[in-house]
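These notes concern the structure reproduced below.
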Amino acid sequence: MAGVGLLIFPHIENKYMLFAPMTGFGIAWASMMGIPYLMVVSEIPKERYGVYMGIINMMIVIPMIIQNLTFGYVLEHFLDNDSGKAVTFAGIFLLIAAATTMLIKSKKWMQVKW
């Protein structure tokens, strides 16, 4: 939802139409921040939650820091300082990320039963 939302975001001219793609992005952002913890919480010993959750948090935060430090160069040299191209760039990479997550094999205990 976030990838598609970001792809259409630069093409919307009515400010009220922005609510739909940003809602999709918000839902996806909540999932991106929460799912890594849910994937490992049943595998780590309860007395070591703090250490392991801190390590998982670093795996989320360090790439964000690297992106923040390097994206200015990408924006200036590859995207012509165009914010619309930057948002489209992000949407493409989110769709690639979504496709690659489909390659993750889940254990039987991780499968949700409705």
- Message: Residue under question is ILE55, and the condition is that it be modelled with pLDDT of 85 or more and farther than 29 Å from PRO10 by Cα; does it hold?
- Response: yes
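With ALA86, ALA98 as the choices, which residue is modelled with pLDDT under 90 and under 23 Å from LEU18 (Cβ atoms)? Don't jump to the end; show me each part of the working.
Details: ALA86 fails: modelled with pLDDT under 90.
Unique residue meeting the criteria: ALA98.
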- Message: As an exercise: evaluate GLY84 against (1) within 19 Å of GLY5 (Cα to Cα); (2) loosely packed, with under 10 Cβ neighbours inside 10 Å; (3) not hydroxyl-bearing (Ser, Thr, Tyr) and give the number of the one condition it does not meet.
- Response: (2)
- How many residues are within 24 Å of LYS85 (Cβ to Cβ) and over 15 Å from the mean Cα position of the chain (by Cα) when one looks only at the stretch 17-59? 4
- Among the residues of the stretch 90-106, which ones are surrounded by 10 or more Cβ atoms within 10 Å (Cβ to Cβ) and among the hydrophobic types (A, V, I, L, M, F, W, C)? ALA90, ILE92, PHE93, LEU94, LEU95, ILE96, ALA97, ALA98, ALA99
- Task: Tally the residues that are aromatic (Phe, Trp, Tyr) and under 30 Å from ILE55 (Cβ atoms), restricting the search to the stretch 2-40.
- Result: 3
- Query: Listed residues GLY24, GLY5; which is touching a residue at least 40 places away in the same chain (Cβ under 8 Å) and crowded, with 16+ Cβ neighbours inside 10 Å?
  - Reply: GLY5
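The values are calculated or read from the model by the stated rules, or taken from the named source; none is laboratory data. As the structure is a prediction and not an experimental result, all values here were calculated from the model. Here the Cβ is made from the backbone with ideal geometry for all residues, glycine too, and neighbour counts use every protein chain on show.
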